[in-house]
Amino acid sequence: MHPAAGGAEKHLHRIFGKIVEMGHTVVLFTTTFPGAKEREVVDGIQVIRKGGDLMFQLTVALNLKKLDREFNFDVVVEDLNKLPVFAHWFVRKPLLVQMHHLWRKSIFAEAIFPIAFMVWFFERIIPFFYRTQPFVVVSPSTKKELAEIGVDESRISVIYNGSEKPNFPGCADLATGTAESSEMAANPATSAVNPYFIWLSRVHRYKGIWTALEAFEKFSKSHPEVKLYVVGDGPLLKKLPAWIKSHGLDGKVELTGFVPAARKYELLSSSLALLQTSYKEGWGLTVMEAAQLCKTTIASDVPGLCDSVRDGETGILFPSGDAAACALAMEKIYSDAELRASLGKNAKRYAESFSWENSARETLELLERTVDWSVRK
């Protein structure tokens, strides 16, 4: 419900909402935001909000023991995102550390130096302060990165994000790919009356928005009839209109801002492909959302995205930050309708191999093992 919520929050909501459905009590301790209730139940999860982002480590230190006295937790999950909160220092209960990705050097492309250095530094010391705790990550890439900084691989479990069929009219028809294949046969250069690519994310620097725009500018010189939809809100959004105008792309790049889910799926379903140009991801939930609608993805070849996109099978990977390579991939997808359809169908099949039900069940089993291991220790 937080206005800045993204993939990590969706993952938490889906996984632990289903664990509640399995008969367990889940308490989420998180930051507050304007207009939020301090306590409420959201899809069975008891949500408690205090403080803001900058001082959340202190907020945890002051409140976690009180919450344990109130709820008597069997196990604590620390969702380690940017900065650790060292939950095991404040409650002597079994702890599972959940991570989506490491920032490593990519944080310097997102934040000012003092903040970026702090995030980078705290990531480097994770192995020294979490010497025995088990970790759960959402992709093999993140497991590899954790091992590279010194976390024992035997303590790292991979549980993939789930994927779900969008609640969108016509999704069943799109799943077969027949509607698009028929249209493409009649007009092989397009997948819509007004063809467009879609970039879908929060508009942050590390999400690679400038790479997407520069790639589209190169592509657009040969294909002025094609548009780019930039879907999402974020701190860089206000800077984009001036750039678009100065590069002669007025009318070719549409900035939608945040859109409701139904509109998001509508835009995805009629697009040529999804552009996912992040410098770093844990997995890539938008890749799976597109795939469920038989849409392929052109993505940066970075940790996380190299797992959710299978290069040449479900999509195309290009070197991170390489706008020229991204533009070539756009050209390939746009000009080859048969390839576009094949990648989209493969992406759909791949997405259907993941489910939130399985992810939640595997997470619950890992939590139970964490408790058992702690008792034996």
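The values are calculated or read from the model by the stated rules, or taken from the named source; none is laboratory data. These numbers come from a predicted model, not from an experiment. Methodologically, a virtual Cβ is constructed for each residue, glycine included, from the backbone with ideal geometry; neighbour enumeration extends over all protein chains shown.
Note on the stretch 108-216: enclosed helices (runs of 4 or more DSSP H) holding 2 or more residues that are under 30 Å from ARG369 (Cβ atoms) and modelled with pLDDT of 90 or more are 113-124, 126-129, 140-148.
Across the stretch 1-18, the qualifying residues are those that are modelled with pLDDT under 95 and among the small types (Gly, Ala, Ser), and the one among them that is farthest from the chain's Cα centre (by Cα) is ALA4. Any residue at all in the stretch 337-350 that's in contact with a His (Cβ under 9 Å, 6 or more places away or on another chain), more than 23 Å from GLU164 (Cβ to Cβ) and part of a helix (DSSP H, G or I)? No: zero hits. The listed residues are GLU78, GLU21, and the only one of them that is over 23 Å from the mean Cα position of the chain (by Cα) and not basic (Lys, Arg) turns out to be GLU21. Answer yes or no as to whether THR32 is touching a Gly at 6+ places or on another chain (Cβ under 7 Å) and of a type in the set (Ser, Thr, Tyr). Considered against the rule, which asks whether it is touching a Gly at 6+ places or on another chain (Cβ under 7 Å) and of a type in the set (Ser, Thr, Tyr), THR32 comes out as yes.
Condition first: in a loop (DSSP other than H, G, I, E, B), under 24 Å from LYS332 (Cα atoms) and in contact (Cβ under 8 Å) with a residue 40 or more places away in the chain. Can you find one or more residues in the stretch 243-266 that meet it? The answer is no; no qualifying residue exists.
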